[in-house]
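Written below as C-alpha coordinates is the structure these notes are about.
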Amino acid sequence: MNKEFRDEHTSAQESSWRKKYSNAFSFYKNVFQHLHKDEDTDFLEKERILQEKTLQMRDERNELNRVKREFFREKSFIELVKNEMRIAIQPISIHPSYSFPDNNTDYDMVVHLTDIHTGIKIDNGFNKFNIEILKERLARYLEKIYKISNTHSTQNCYLVLGGDLISGAIHTNLRIENNENIISQIKYISELLSDFTFKLSYLFNNVYVYSVSGNHSRLNPDKDKHLKGEELDAFVPFYMKAKLQNIPNVFIFDNEIDDSIASFYIRGQLYYAVHGDKDTPKNVAKNLTFLTKKIPYCIIMGHRHTNNMHTVDGVKIVESGCVSGTDNYCIDHRLIGNPEQTILICSEEGIECYYDIQLK
(Lines give C-alpha, C1' and ligand atoms only; values in the text may rest on other atoms or scores of the structure.)
Protein backbone atom coordinates (compact mmCIF):
# COMPACT_ATOMS: atom_id res chain seq x y z
CA MET A 1 0.00 0.00 0.00
CA ASN A 2 2.88 2.33 0.79
CA LYS A 3 4.49 1.46 -2.54
CA GLU A 4 1.34 2.27 -4.50
CA PHE A 5 0.01 5.28 -2.62
CA ARG A 6 2.97 6.94 -0.86
CA ASP A 7 6.09 8.53 -2.23
CA GLU A 8 9.51 7.13 -1.43
CA HIS A 9 10.10 9.62 1.39
CA THR A 10 7.02 8.83 3.46
CA SER A 11 5.43 5.61 4.72
CA ALA A 12 2.64 4.52 7.04
CA GLN A 13 2.28 1.69 9.54
CA GLU A 14 -0.02 -1.30 9.00
CA SER A 15 -2.64 0.20 11.30
CA SER A 16 -2.93 3.27 9.07
CA TRP A 17 -4.15 1.16 6.15
CA ARG A 18 -6.30 -1.42 7.94
CA LYS A 19 -9.59 0.50 7.94
CA LYS A 20 -9.06 1.88 4.43
CA TYR A 21 -8.23 -1.56 3.09
CA SER A 22 -11.28 -3.10 4.81
CA ASN A 23 -13.60 -0.47 3.32
CA ALA A 24 -12.08 -0.83 -0.13
CA PHE A 25 -12.27 -4.61 -0.05
CA SER A 26 -15.90 -4.51 1.13
CA PHE A 27 -16.74 -2.04 -1.64
CA TYR A 28 -15.03 -4.30 -4.18
CA LYS A 29 -16.96 -7.40 -3.11
CA ASN A 30 -20.33 -5.63 -3.06
CA VAL A 31 -19.98 -3.62 -6.27
CA PHE A 32 -17.76 -5.62 -8.62
CA GLN A 33 -18.44 -9.18 -7.53
CA HIS A 34 -21.20 -9.72 -10.11
CA LEU A 35 -18.94 -8.34 -12.85
CA HIS A 36 -15.95 -10.56 -12.12
CA LYS A 37 -17.43 -13.75 -10.72
CA ASP A 38 -14.62 -16.04 -11.85
CA GLU A 39 -11.88 -13.67 -10.79
CA ASP A 40 -13.63 -12.93 -7.52
CA THR A 41 -14.14 -16.62 -6.75
CA ASP A 42 -10.48 -17.27 -7.42
CA PHE A 43 -9.53 -14.34 -5.22
CA LEU A 44 -11.73 -15.54 -2.35
CA GLU A 45 -10.33 -19.06 -2.62
CA LYS A 46 -6.83 -17.68 -2.39
CA GLU A 47 -7.87 -15.60 0.61
CA ARG A 48 -9.34 -18.70 2.28
CA ILE A 49 -6.10 -20.62 1.74
CA LEU A 50 -4.12 -17.68 3.08
CA GLN A 51 -6.30 -17.57 6.20
CA GLU A 52 -5.80 -21.31 6.76
CA LYS A 53 -2.06 -20.96 6.42
CA THR A 54 -2.09 -18.00 8.81
CA LEU A 55 -4.05 -19.96 11.42
CA GLN A 56 -1.78 -22.98 10.97
CA MET A 57 1.31 -20.84 11.42
CA ARG A 58 -0.21 -19.22 14.51
CA ASP A 59 -0.98 -22.62 16.03
CA GLU A 60 2.53 -23.88 15.28
CA ARG A 61 4.04 -20.76 16.82
CA ASN A 62 1.94 -21.20 19.98
CA GLU A 63 2.95 -24.87 20.25
CA LEU A 64 6.60 -23.99 19.76
CA ASN A 65 6.37 -21.35 22.50
CA ARG A 66 4.73 -23.90 24.81
CA VAL A 67 7.52 -26.41 24.21
CA LYS A 68 10.13 -23.70 24.80
CA ARG A 69 8.49 -22.68 28.07
CA GLU A 70 8.41 -26.29 29.30
CA PHE A 71 11.99 -26.89 28.17
CA PHE A 72 13.41 -23.86 29.98
CA ARG A 73 11.26 -24.51 33.05
CA GLU A 74 12.61 -28.08 33.25
CA LYS A 75 16.19 -26.94 32.62
CA SER A 76 15.79 -24.37 35.40
CA PHE A 77 14.49 -27.06 37.75
CA ILE A 78 17.35 -29.40 36.85
CA GLU A 79 19.91 -26.69 37.64
CA LEU A 80 18.11 -25.99 40.92
CA VAL A 81 18.35 -29.67 41.89
CA LYS A 82 22.04 -29.88 40.96
CA ASN A 83 22.84 -26.77 42.99
CA GLU A 84 20.92 -28.10 45.99
CA MET A 85 22.75 -31.42 45.76
CA ARG A 86 26.19 -29.84 45.42
CA ILE A 87 25.61 -27.96 48.66
CA ALA A 88 24.51 -31.12 50.48
CA ILE A 89 27.24 -33.51 49.29
CA GLN A 90 30.02 -34.27 51.76
CA PRO A 91 32.24 -37.08 50.40
CA ILE A 92 32.65 -40.14 52.62
CA SER A 93 36.18 -40.61 53.93
CA ILE A 94 37.82 -43.85 55.01
CA HIS A 95 40.77 -44.52 57.26
CA PRO A 96 43.97 -44.69 55.17
CA SER A 97 44.99 -47.97 56.77
CA TYR A 98 41.73 -49.78 56.03
CA SER A 99 42.09 -52.83 53.77
CA PHE A 100 39.12 -53.80 51.58
CA PRO A 101 38.22 -57.48 50.91
CA ASP A 102 40.38 -59.46 48.50
CA ASN A 103 38.43 -62.63 47.73
CA ASN A 104 39.12 -64.94 44.80
CA THR A 105 36.04 -67.11 44.24
CA ASP A 106 33.85 -68.37 41.41
CA TYR A 107 30.76 -66.35 42.32
CA ASP A 108 29.49 -62.79 42.03
CA MET A 109 26.28 -61.30 43.38
CA VAL A 110 23.63 -59.17 41.64
CA VAL A 111 21.66 -56.98 44.05
CA HIS A 112 18.52 -55.52 42.48
CA LEU A 113 17.11 -52.42 44.17
CA THR A 114 14.09 -51.01 42.39
CA ASP A 115 10.77 -49.20 42.91
CA ILE A 116 11.69 -47.65 46.25
CA HIS A 117 9.25 -44.72 45.87
CA THR A 118 11.00 -42.54 48.42
CA GLY A 119 8.75 -39.82 49.81
CA ILE A 120 5.45 -41.63 49.73
CA LYS A 121 3.63 -42.21 53.02
CA ILE A 122 1.41 -45.30 53.05
CA ASP A 123 -0.98 -46.34 55.81
CA ASN A 124 -3.66 -48.77 54.64
CA GLY A 125 -4.94 -52.21 55.54
CA PHE A 126 -2.22 -53.91 53.49
CA ASN A 127 0.88 -51.86 54.17
CA LYS A 128 2.61 -49.10 56.11
CA PHE A 129 5.51 -47.15 54.64
CA ASN A 130 7.37 -43.96 55.43
CA ILE A 131 10.96 -42.70 55.66
CA GLU A 132 11.72 -44.60 58.85
CA ILE A 133 10.29 -47.85 57.49
CA LEU A 134 12.35 -47.36 54.31
CA LYS A 135 15.52 -47.20 56.42
CA GLU A 136 14.48 -50.35 58.26
CA ARG A 137 13.84 -52.25 55.01
CA LEU A 138 17.18 -51.23 53.52
CA ALA A 139 18.89 -52.36 56.73
CA ARG A 140 17.06 -55.71 56.50
CA TYR A 141 18.15 -56.02 52.87
CA LEU A 142 21.79 -55.47 53.89
CA GLU A 143 21.48 -58.20 56.50
CA LYS A 144 20.20 -60.63 53.84
CA ILE A 145 23.05 -59.65 51.51
CA TYR A 146 25.61 -60.24 54.25
CA LYS A 147 24.30 -63.75 54.99
CA ILE A 148 24.02 -64.74 51.33
CA SER A 149 27.50 -63.40 50.61
CA ASN A 150 28.95 -65.53 53.38
CA THR A 151 27.05 -68.59 52.16
CA HIS A 152 28.44 -68.37 48.62
CA SER A 153 31.76 -66.59 49.30
CA THR A 154 30.96 -64.04 46.59
CA GLN A 155 33.70 -61.91 45.09
CA ASN A 156 32.08 -58.87 43.45
CA CYS A 157 28.72 -57.14 43.75
CA TYR A 158 26.69 -55.72 40.86
CA LEU A 159 24.20 -53.24 42.34
CA VAL A 160 21.39 -52.52 39.87
CA LEU A 161 19.25 -49.46 40.66
CA GLY A 162 16.13 -50.25 38.68
CA GLY A 163 14.28 -46.93 38.68
CA ASP A 164 11.37 -45.33 40.55
CA LEU A 165 13.79 -44.50 43.33
CA ILE A 166 11.57 -41.54 44.20
CA SER A 167 7.81 -41.40 44.39
CA GLY A 168 7.54 -38.33 42.14
CA ALA A 169 4.11 -36.91 41.35
CA ILE A 170 2.79 -38.67 38.23
CA HIS A 171 -0.54 -39.70 39.82
CA THR A 172 -3.00 -37.64 41.84
CA ASN A 173 -2.81 -40.17 44.66
CA LEU A 174 0.96 -39.73 44.79
CA ARG A 175 0.71 -35.95 44.99
CA ILE A 176 -1.61 -36.40 47.95
CA GLU A 177 0.39 -39.16 49.66
CA ASN A 178 3.90 -37.76 49.21
CA ASN A 179 5.16 -36.23 52.43
CA GLU A 180 8.42 -34.98 50.93
CA ASN A 181 8.89 -32.55 48.07
CA ILE A 182 10.71 -33.73 44.96
CA ILE A 183 14.13 -32.28 45.78
CA SER A 184 13.99 -33.70 49.30
CA GLN A 185 13.08 -37.12 47.87
CA ILE A 186 16.13 -37.08 45.59
CA LYS A 187 18.54 -35.90 48.30
CA TYR A 188 17.24 -38.36 50.87
CA ILE A 189 17.37 -41.49 48.71
CA SER A 190 20.77 -40.43 47.34
CA GLU A 191 22.11 -40.31 50.89
CA LEU A 192 20.54 -43.65 51.80
CA LEU A 193 21.85 -45.41 48.69
CA SER A 194 25.31 -43.89 49.11
CA ASP A 195 25.42 -45.30 52.63
CA PHE A 196 23.99 -48.62 51.37
CA THR A 197 26.71 -48.87 48.71
CA PHE A 198 29.45 -47.85 51.14
CA LYS A 199 28.47 -50.72 53.42
CA LEU A 200 28.52 -53.11 50.47
CA SER A 201 32.11 -52.05 49.80
CA TYR A 202 33.12 -53.74 53.07
CA LEU A 203 31.71 -57.08 51.87
CA PHE A 204 33.00 -57.37 48.29
CA ASN A 205 36.21 -56.89 46.35
CA ASN A 206 34.41 -54.42 44.06
CA VAL A 207 30.96 -52.88 43.90
CA TYR A 208 29.76 -52.02 40.39
CA VAL A 209 26.72 -49.72 40.28
CA TYR A 210 24.37 -49.48 37.28
CA SER A 211 21.11 -47.56 37.12
CA VAL A 212 18.10 -46.90 34.91
CA SER A 213 15.33 -44.35 35.35
CA GLY A 214 11.71 -45.20 36.01
CA ASN A 215 8.41 -43.62 35.03
CA HIS A 216 7.76 -42.11 38.47
CA SER A 217 10.70 -39.75 38.12
CA ARG A 218 9.70 -37.97 34.93
CA LEU A 219 9.42 -34.20 35.22
CA ASN A 220 6.13 -33.93 33.37
CA PRO A 221 3.26 -36.06 34.74
CA ASP A 222 1.91 -36.33 31.18
CA LYS A 223 4.04 -39.05 29.60
CA ASP A 224 3.15 -37.82 26.08
CA LYS A 225 4.69 -34.40 26.85
CA HIS A 226 7.67 -35.69 28.77
CA LEU A 227 11.08 -35.08 27.19
CA LYS A 228 13.32 -38.13 26.95
CA GLY A 229 16.33 -37.96 29.23
CA GLU A 230 14.70 -35.64 31.79
CA GLU A 231 14.14 -38.23 34.54
CA LEU A 232 14.92 -37.29 38.12
CA ASP A 233 16.26 -40.77 38.98
CA ALA A 234 19.37 -39.77 37.01
CA PHE A 235 20.40 -37.40 39.82
CA VAL A 236 20.93 -40.29 42.23
CA PRO A 237 24.07 -41.76 40.56
CA PHE A 238 25.24 -38.16 40.01
CA TYR A 239 25.05 -37.66 43.79
CA MET A 240 26.54 -41.05 44.59
CA LYS A 241 29.59 -40.44 42.39
CA ALA A 242 30.44 -37.34 44.41
CA LYS A 243 29.59 -38.93 47.74
CA LEU A 244 31.64 -42.11 47.16
CA GLN A 245 34.54 -40.61 45.20
CA ASN A 246 37.02 -41.59 47.95
CA ILE A 247 35.97 -45.26 48.07
CA PRO A 248 38.45 -47.11 45.82
CA ASN A 249 36.40 -50.26 45.19
CA VAL A 250 33.10 -48.59 44.22
CA PHE A 251 32.52 -47.91 40.51
CA ILE A 252 29.40 -46.10 39.24
CA PHE A 253 28.79 -46.43 35.51
CA ASP A 254 26.91 -44.39 32.92
CA ASN A 255 24.77 -46.26 30.41
CA GLU A 256 26.37 -46.68 26.99
CA ILE A 257 23.32 -47.75 24.95
CA ASP A 258 20.56 -45.54 26.31
CA ASP A 259 19.55 -43.93 29.62
CA SER A 260 16.79 -46.54 29.94
CA ILE A 261 19.08 -49.57 29.36
CA ALA A 262 21.99 -50.67 31.55
CA SER A 263 24.33 -53.33 30.18
CA PHE A 264 27.18 -55.20 31.82
CA TYR A 265 29.04 -58.51 31.69
CA ILE A 266 29.37 -60.92 34.60
CA ARG A 267 32.07 -63.53 34.01
CA GLY A 268 31.54 -63.43 30.26
CA GLN A 269 27.70 -63.38 30.26
CA LEU A 270 25.79 -60.30 29.00
CA TYR A 271 23.16 -58.82 31.33
CA TYR A 272 20.71 -56.00 30.59
CA ALA A 273 18.66 -54.01 33.08
CA VAL A 274 15.57 -51.91 32.31
CA HIS A 275 12.87 -50.42 34.50
CA GLY A 276 10.04 -52.23 32.74
CA ASP A 277 7.61 -49.44 31.82
CA LYS A 278 8.63 -49.59 28.14
CA ASP A 279 8.64 -53.39 27.87
CA THR A 280 6.81 -56.47 29.05
CA PRO A 281 8.41 -59.69 30.30
CA LYS A 282 7.20 -61.39 27.11
CA ASN A 283 8.64 -58.93 24.60
CA VAL A 284 11.67 -57.43 26.37
CA ALA A 285 14.14 -60.06 25.11
CA LYS A 286 13.04 -59.60 21.50
CA ASN A 287 12.97 -55.79 21.82
CA LEU A 288 16.45 -55.45 23.28
CA THR A 289 17.98 -58.06 20.97
CA PHE A 290 16.64 -56.27 17.87
CA LEU A 291 17.65 -52.89 19.28
CA THR A 292 21.20 -53.74 20.33
CA LYS A 293 21.93 -56.56 17.86
CA LYS A 294 23.20 -58.63 20.81
CA ILE A 295 21.49 -61.53 22.54
CA PRO A 296 21.67 -61.15 26.34
CA TYR A 297 21.91 -64.00 28.79
CA CYS A 298 19.65 -62.27 31.33
CA ILE A 299 17.40 -59.17 31.56
CA ILE A 300 16.56 -57.63 34.94
CA MET A 301 13.29 -55.68 35.29
CA GLY A 302 11.14 -53.91 37.87
CA HIS A 303 7.96 -51.81 37.56
CA ARG A 304 5.41 -54.60 38.12
CA HIS A 305 6.02 -54.86 41.87
CA THR A 306 6.36 -58.65 41.88
CA ASN A 307 9.35 -60.99 42.17
CA ASN A 308 9.55 -63.48 39.33
CA MET A 309 11.98 -65.43 37.18
CA HIS A 310 11.32 -67.27 33.95
CA THR A 311 12.80 -67.86 30.50
CA VAL A 312 11.60 -66.20 27.28
CA ASP A 313 13.19 -67.13 23.92
CA GLY A 314 16.18 -68.60 25.77
CA VAL A 315 16.78 -65.42 27.80
CA LYS A 316 16.45 -65.36 31.59
CA ILE A 317 13.94 -62.68 32.71
CA VAL A 318 14.30 -61.65 36.35
CA GLU A 319 11.69 -59.34 37.88
CA SER A 320 11.82 -57.63 41.27
CA GLY A 321 9.04 -56.20 43.38
CA CYS A 322 9.07 -52.87 45.17
CA VAL A 323 10.47 -51.62 48.46
CA SER A 324 7.51 -49.39 49.36
CA GLY A 325 4.79 -52.03 48.99
CA THR A 326 1.11 -51.57 48.22
CA ASP A 327 -0.15 -47.96 48.07
CA ASN A 328 -3.64 -46.61 47.38
CA TYR A 329 -3.04 -46.42 43.63
CA CYS A 330 -2.15 -50.12 43.61
CA ILE A 331 -5.25 -50.97 45.64
CA ASP A 332 -7.48 -49.03 43.23
CA HIS A 333 -5.97 -50.99 40.32
CA ARG A 334 -5.90 -54.29 42.24
CA LEU A 335 -2.10 -54.47 42.16
CA ILE A 336 -1.30 -56.07 45.49
CA GLY A 337 2.22 -57.24 46.39
CA ASN A 338 4.61 -57.56 49.31
CA PRO A 339 7.73 -55.39 49.68
CA GLU A 340 10.32 -57.62 48.03
CA GLN A 341 13.48 -57.66 45.89
CA THR A 342 15.72 -60.27 44.26
CA ILE A 343 19.35 -61.32 44.60
CA LEU A 344 21.22 -63.44 42.05
CA ILE A 345 24.36 -65.53 42.53
CA CYS A 346 26.19 -65.78 39.21
CA SER A 347 29.13 -67.73 37.85
CA GLU A 348 30.65 -68.30 34.41
CA GLU A 349 27.74 -70.62 33.63
CA GLY A 350 25.15 -67.97 34.51
CA ILE A 351 22.67 -67.75 37.37
CA GLU A 352 23.50 -70.37 39.99
CA CYS A 353 20.99 -69.26 42.60
CA TYR A 354 17.94 -66.98 42.79
CA TYR A 355 16.91 -65.43 46.12
CA ASP A 356 13.39 -64.16 46.74
CA ILE A 357 13.99 -61.46 49.38
CA GLN A 358 11.03 -60.38 51.53
CA LEU A 359 11.54 -57.00 53.22
CA LYS A 360 8.46 -56.83 55.42
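Check Ile166: other-chain or 5+ apart residues with amide H under 5 Å from its amide H, H built from backbone geometry?
His117, Thr118
Please list 116-124, 17-25, 305-313 highest first by mean number of surrounding beta-carbon atoms within 10 Å per residue.
Those peptides, ordered most packed to least, come out 116-124, 305-313, 17-25.
Determine by what factor the alpha-carbon radius of gyration of region 243-360 differs from 2.2 N^0.38 Å, reporting the quotient.
1.15
Using a 1.4 Å probe on the protein heavy atoms, what percent of the accessible area of region 232-360 belongs to carbon and sulfur?
For region 232-360, the apolar C and S fraction of the accessible surface comes to 50 percent.
Pull out the extension gain between Asn287 and Glu4, defined as 0.36 nm times the separation in residues minus the alpha carbon to alpha carbon distance; nm, one decimal.
Stretched out fully, the Asn287 to Glu4 stretch lengthens by 95.4 nm.
Of the options Phe100, Asn124, Val110, report the single residue whose Cα projects farthest towards the positive end of the charge dipole of region 99-143 (beta-carbon charges: Lys, Arg +1; Asp, Glu -1).
Asn124
To the nearest 10 square angstrom, what accessible area does Cys353 show with a 1.4 Å probe?
Accessible area, nearest 10 Å²: 40 Å².
Calculate, in nm to one decimal, what Cys353 and Ala139 gain on full extension: separation in residues at 0.36 nm each, minus their alpha carbon distance.
Between Cys353 and Ala139, full extension yields 74.8 nm more.
Need one value: the accessible area of Val284 in square angstrom, 1.4 angstrom probe, rounded to the nearest 10.
My reading of the accessible area for Val284 is about 0 Å².
Please give the length that would be gained between Tyr202 and Val312 if that part of the chain were fully extended, namely 0.36 nm times their separation in residues minus their C-alpha to C-alpha distance (nm, one decimal).
Taking Tyr202 through Val312 to full extension adds about 36.0 nm, to one decimal.
The values are calculated or read from the model by the stated rules, or taken from the named source; none is laboratory data. Small disclaimer: the values here were computed from a predicted structure and weren't measured. Here Cβ is always computed from backbone atoms with ideal geometry, including for glycine, and neighbour counts include all displayed protein chains. Quick note on the areas: whole protein, heavy atoms, side chains included, nothing else; ligands and nucleic acids left out. Shrake-Rupley method; radii C 1.70, N 1.55, O 1.52, S 1.80 Å.
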